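Engineer: What follows is a structure written as structure tokens; I'll ask about it next.
The values are calculated or read from the model by the stated rules, or taken from the named source; none is laboratory data. No experiment lies behind these values; they were computed from the predicted model shown. Neighbour counts run over all protein chains shown; Cβ positions are idealised from the backbone, glycine included. Only protein heavy atoms, including side chains, enter the accessible area calculation; ligands, DNA and RNA are left aside. Shrake-Rupley method; radii C 1.70, N 1.55, O 1.52, S 1.80 Å.
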Amino acid sequence: MNRCCRWMPPVAMPAVYDPARMSVVDVYHPVVVPHVHASHTQYRHHQVVEHRHFYPHTESQTCDTTQHNVNCGCPAPDPCHEKG
């Protein structure tokens, strides 16, 4: 037995509708409300007198040198001044 496969044209079926997928897009419209916060600065100038007192002082110093001659024995006789 020889079986032969035949291709059949598709049969159109009614469309199947899935539930709609919903997307949400938020759109914001900016509204500007000006708020004015006023301020004021007052500069007050004050004069301050400073009395400065000075007390000059000087210093000096001196350095002294002293000498001592120490005889650590009898001097050698001087042959030129010997009496004889």
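Engineer: Here are the criteria: (1) open to solvent by 100 Å² or more (accessible area, probe 1.4 Å); (2) assigned to a loop (DSSP other than H, G, I, E, B). Tell me which single one Cys80 does not satisfy.
Structural biologist: Checking Cys80 against (1) open to solvent by 100 Å² or more (accessible area, probe 1.4 Å); (2) assigned to a loop (DSSP other than H, G, I, E, B), the one that fails is (2).
Engineer: Also, quick follow-up: Is it the case, given these coordinates, that His35 is loosely packed, with under 10 Cβ neighbours inside 10 Å and under 44 Å from the mean Cα position of the chain (by Cα)? Give the derivation first.
Structural biologist: Numbers: loosely packed, with under 10 Cβ neighbours inside 10 Å: yes; under 44 Å from the mean Cα position of the chain (by Cα): yes.
Judged against the criteria, His35 is a match.
Engineer: Looking at Gln67, Gln42, which is the one that is exposed (fewer than 10 other Cβ atoms within 10 Å of the Cβ) and under 60 Å from the mean Cα position of the chain (by Cα)?
Structural biologist: Only one candidate qualifies: Gln42.
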